[in-house]
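Visitor: First, the structure itself, so that you have it in front of you.
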């Protein structure tokens, strides 16, 4: 959500800033802007509503440049999308600032600043930070000290970057709650919301911790912790590739990432399976099995797509380990009183590892002191969740650019399977059963390849959804959360209203919606609940509903009037949720393309939700 880029260099930086913004477009935004300190010694900016391309077009006509600059893509929280609300925000001619996050006490601060004579040009919470910094700057302190003093008055979450003509070779940044990374160059340094923005200029990064403030010049970086003490943060060398953020031969990143799933699943399994068991070392601690052996209860916390993954994980864990497992939306859990728990494993799931509500829930857990251990399932090795958790199970999906999660979701499911098997091993489960599960996991990439071969048929099927306004998704057992995920995908990128229900709940309300204009999408693997599901499908058919069924070839569901069947390969029952996710992703993608929506950047949504 939002994106920050900054640079201090010997060369002009605007092109670097614009490329960084372009590479952060996947995060979601409604406006963009850039500010620089020019050689003439003044602070100037350019802003535009809409895409980064609109900002670039404006700069083509009215160019600005300098060797110190900041840039930003905004996702509206306070104030409508408008040029006056776009970042960077200024305080007079001496403070320029970009900010991600939410300042919770901005109303009180705004009133105080207005009483002090400051005029506000925007409706944002961000502008109060710029004016606060200016108050301290006017007292004759350095920009570093001004930022440190101002941040003590802020309540909420922020990642901010500040420049001023007072110090034309210095960039000041601060982080609390929202992610910020420093990029190290040769005779130049950079900042970004994530490393994707900076990969064209560096592969060496420093991840700031909560409470950190940093002073960045061309040749030096000084970092201070929440107490103002100078600290050293480790430098990380990234192996991420610039090519991972390029489309190649694909029309959209979402399609590219759907087709990358055999490789991302392979990466998540690689070096984690040994013969007939899962290697405990994948959790990053030497005593993983000993910790897991003590687990008596599991709490999974996540948001959005990651929450759906957690729901599937609950079925798997409870069915194979007899450990009670609860799954809750992190944004609800963090505000609900929880009694201390004994021997509970808390599992957080997040693609970015920076999801604000999930991070806040983890903080609440750590304050409780009732957890046996905390574990995160995450796709970003240096993310906040990874650093704050006792153990981490990395998904190895690689960068995911499309806002609608695809490969991140399936690799989260794979990670949950690995965790389930580790729990079985720790609890002394039957070795033959464990060995069979490991053998099945090895088949998964090839099974996904088989489903991807169905893409032309799914593309044809999608034509039937173009004029529809509503859709219903059905599943049973561990396939119900997959139906939820399918409904989420369709609504978020095609803007068709879609809901999911357990198929057995049809008689408790949803049947009232069924008619020939309501497509009913169903996932039907050959599991113990198949016959029950077939009965549910007949309930729909008898009421004139139009059924679209993704069915195991051994399920013996035959196409008929109002019943369209797409035959799926036979898969082991435990892998069905992963494999049946793929056709629902493809269906949503093709419907969205046919409807002409912005597939990779759907309206009102952001990739990384770093504010509450």
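Bear in mind that the values in this text are calculations on the coordinates, not laboratory data. Remember, predicted model here, so these are calculated numbers, not experimental data. Backbone-built Cβ (ideal geometry, glycine too); neighbour counts: all protein chains shown.
Visitor: In terms of the Cα gyration tensor, with a ≥ b ≥ c the square roots of its eigenvalues, is the stretch 249-429 rounded because a/c is under 1.5, prolate because a/b exceeds b/c, or oblate? Show your work: numbers first, answer last.
Guide: Values: a/c = 1.86, a/b = 1.24, b/c = 1.50.
Oblate, because a/c is 1.5 or more while a/b does not exceed b/c.
Visitor: Using a 10 Å cut-off on Cβ atoms, rank the peptides 353-359, 216-222, 597-603 from the highest mean neighbour count down. Show your work: numbers first, answer last.
Guide: Working: 353-359: 26.1, 216-222: 15.9, 597-603: 18.0.
Sorting 353-359, 216-222, 597-603 by mean packing, highest first, produces 353-359, 597-603, 216-222.
Visitor: For residue 528 and residue 495, FRET efficiency with R0 = 22 Å and r from the beta-carbon atoms, rounded to 0.05?
Guide: On the way: r = 36 Å, r/R0 = 1.64.
Taking R0 as 22 Å, the efficiency between residue 495 and residue 528 is 0.05.
Visitor: Can you give the Rg to Rh ratio of the stretch 452-604, both from alpha-carbon atoms, with Rh computed by the Kirkwood formula? Before the final figure, lay out the partial values.
Guide: On the way: Rg = 14.2 Å, Rh = 15.2 Å.
Rg divided by Rh gives 0.93.
Visitor: Specify the inter-centroid distance of the stretch 35-75 and the stretch 154-195, based on alpha-carbon positions, in whole Å.
Guide: The stretch 35-75 and the stretch 154-195 have Cα centres separated by 17 Å.
Visitor: Separate question: For the peptides 402-414, 49-61, what is the packing order when you average, over each peptide's residues, the other Cβ atoms within 10 Å and list the highest mean first?
Guide: Working: 402-414: 27.6, 49-61: 15.9.
By packing density, highest mean first, the sequence is 402-414, 49-61.
Visitor: Moving on. Can you tell me which of 230-237, 110-117 comes out highest on packing, and rank the rest after it, using the mean Cβ neighbours within 10 Å?
Guide: Details: 230-237: 11.4, 110-117: 13.0.
Result, highest mean first: 110-117, 230-237.
Visitor: Below 8 Å between Cα atoms, with a sequence gap of 6+, how large is the relative contact order for the chain in percent?
Guide: Working: 1361 pairs, mean separation 74.1, N = 612.
The value is 12 percent.
Visitor: Counting DSSP beta bridges with both partners in the stretch 452-604, what percentage is antiparallel, nearest 5? All intermediate terms of the calculation are to be shown ahead of the outcome.
Guide: On the way: 1 of 22 bridges.
Bridges in the stretch 452-604 that DSSP calls antiparallel: roughly 5 percent.
Visitor: For q values of 0.08, 0.09, 0.10 Å⁻¹, compute log₁₀ I(q)/I(0) with the Debye formula on a Cα-only model of the chain, without solvent.
Guide: Log-scaled intensity ratios, in q order: -0.60, -0.74, -0.90.
Visitor: What does DSSP give for the chain in terms of the percent of beta bridges that are antiparallel, rounded to the nearest 5? Don't skip to the end; give the middle numbers.
Guide: Details: 62 of 105 bridges.
Once the DSSP bridges in the chain are tallied, antiparallel ones form about 60 percent.
Visitor: Further question: With a 10 Å Cβ neighbour count serving as the proxy for reagent exposure, in which order, fewest first, do 124, 266 appear?
Guide: Numbers: 124 24, 266 17.
By the 10 Å Cβ count, ascending: 266, 124.
Visitor: Just check the stretch 326-367 against the gyration tensor rule for me: Cα atoms, a ≥ b ≥ c as the square roots of the eigenvalues, rounded for a/c under 1.5, and otherwise prolate or oblate depending on whether a/b exceeds b/c. Could the numbers behind the result be given before it?
Guide: Values: a/c = 1.80, a/b = 1.49, b/c = 1.21.
Prolate.
Visitor: Does the stretch 3-237 come out rounded, prolate or oblate, given a ≥ b ≥ c as the square roots of the eigenvalues of its C-alpha gyration tensor, rounded meaning a/c under 1.5 and, failing that, prolate meaning a/b above b/c?
Guide: Details: a/c = 1.35, a/b = 1.07, b/c = 1.27.
It is rounded, given that a/c, with a ≥ b ≥ c, falls under 1.5.
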